[in-house]
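Notes to accompany the following structure.
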Ligand SMILES: Cc1cc2nc3c(=O)[nH]c(=O)nc-3n(C[C@H](O)[C@H](O)[C@H](O)COP(=O)(O)OP(=O)(O)OC[C@H]3O[C@@H](n4cnc5c(N)ncnc54)[C@H](O)[C@@H]3O)c2cc1C
């Protein structure tokens, strides 16, 4: 069984209000195990503020509330969650650390995530805290396990779901043989431009042309997009994928299919919020569709479950091989 070790955060960067990127150095004398790009590791802290179920909300989701001890203090205790590794195996072999992208979870009923809150730390701290980890790296969301013999790989990440793909892209860049002959396309969607983690590095990797790589970042909120970098497009990941494969947006389809008054009202409201998919200014949709021809493409997706369900349905309709990471 994998042992529990204690690592140290050696660098922490606040990427956006609810997103951090940090590097974790291993326990002294115990380098991290070897891994493949796309894999994950379990991180833990012993001092998480614990919660308990306090009922079920009108939405059917459990309501959580802080758990208190008999003296009225919030109970703290250990919690472990998996996190995808964003660093490349070659980075870890050279420098020793693992890199992560972590979103600050805001529970449905307003409680901050128990572990992500501690990983974020206090405002203004340098992040140099200790984090426990299982001395085992696993998971089968790797190119060797999921991409088969596809000539083209479409990677779709929403939010921090981009992490395994950042690892894969970094590892492909590190190869000195021009990649593995495949075409790689990364669609990364975040709510805002600031939340497009690693975008400068991904643009640089694309521009360097060391392997066949196209980077297509989009933002799903229109607010704040005036004057945005023209290399960034618009729209939710599922709608960008639909656009490339010649389908209407999920919102348009729901509106067209709405039969009852209730579904029509919900569909109309969703249409008002719709941000129509728009590719970055320099990208031609016909060329992109040819690059992602269904018979040649494996679509790997990671992130928001609702978005992934829609992307899986699009892949099924266009007979594209689909693989997802399960968070
Ligand atoms: C393979 C894998 C890779 C992942 N990679 C990443 C990554 O790279 N980046 C990233 O940000 N996240 C990643 N995640 C998600 C991550 O593991 C955590 O789920 C996330 O950070 C939230 O943890 P938290 O403790 O902050 O939130 P939690 O406090 O665990 O809250 C998360 C959910 O659990 C509910 N909850 C709260 N209290 C309880 C309770 N007592 N019992 C049961 N449920 C409760 C909350 O209502 C909320 O819906 C990954 C998950 C997996 C499985």
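Tell me, what is the Rg over Rh of segment 187-262, with Rh the Kirkwood radius over Cα pairs?
Reported Rg/Rh (Cα atoms, Kirkwood Rh): 1.09.
Mean separation of Cα pairs under 8 Å and 6+ residues apart, divided by the residue count of the chain: what relative contact order is that in percent?
Result for the chain is 17 percent.
For residue 180 paired with residue 75, estimate the spin-label separation in nm (one decimal), with each label point 7 Å from Cα along the Cα-to-Cβ line.
4.5 nm
Give the whole-number value, in cubic angstrom per residue, of the convex hull volume spanned by the C-alpha atoms of the chain.
162 Å³
If you wrap a convex hull around the C-alpha atoms of segment 199-327 and split its volume per residue, what is the figure in Å³?
131 Å³
What is the Cα convex hull volume of segment 4-138 when expressed per residue in Å³?
Spelled out: Cα convex hull of segment 4-138, divided by residues, is 133 Å³.
For the ranges 282-291, 28-37, what's the packing order if you count other beta-carbon atoms within 10 Å of each residue, average per peptide, and put the highest first?
Sorting 282-291, 28-37 by mean packing, highest first, produces 28-37, 282-291.
So in segment 143-324, what percent of DSSP beta bridges are antiparallel if you round to the nearest 5?
5 percent
Residue separation times 0.36 nm, minus the C-alpha to C-alpha distance between residue 104 and residue 285: what's the value?
Difference between extended and current length: 61.7 nm.
DSSP beta bridges in the chain, what fraction antiparallel, as a percent rounded to 5?
60 percent
Ordered by packing density, taken as the mean number of other Cβ atoms within 10 Å over each peptide's residues, highest first, how do 301-312, 44-55 rank?
301-312, 44-55
Nearest 500 deg cm²/dmol is fine: what mean residue ellipticity at 222 nm does the chain get from its DSSP H runs of n ≥ 4 alone, each adding -39,500 (n - 2.57), divided by its residue count?
-7500 deg cm²/dmol
Hey, how much of the P(r) for segment 144-278 falls beyond 25 Å, as a percent of Cα pairs?
So the portion of pairs separated by more than 25 Å is 35 percent.
Give me the extension gain from residue 192 to residue 52: residue separation times 0.36 nm, minus the current Cα-Cα distance, reported in nm with one decimal.
Separation in residues times 0.36 nm, less the Cα-Cα distance, equals 47.2 nm.
Would you mind ranking 327, 71, 97 so that the residue whose beta carbon has the fewest other beta carbons within 10 Å leads the list?
Ranking 327, 71, 97 by Cβ neighbours within 10 Å, fewest first, gives 71, 327, 97.
Based on DSSP, what percent of beta bridges with both residues in segment 67-204 are antiparallel, to the nearest 5?
In segment 67-204, DSSP labels about 20 percent of beta bridges as antiparallel.
Where does segment 84-197 land on the Kirkwood hydrodynamic radius, alpha-carbon pairs, in angstrom?
16.3 Å
Computed from the coordinates by the stated procedures, all read-outs in this text should not be read as laboratory data. As the structure is a computational prediction, the values presented were derived from the model and not from experiment. A quick note on method: Cβ atoms are made from the backbone with ideal geometry, for glycine too, and the neighbour counts reach across all protein chains shown.
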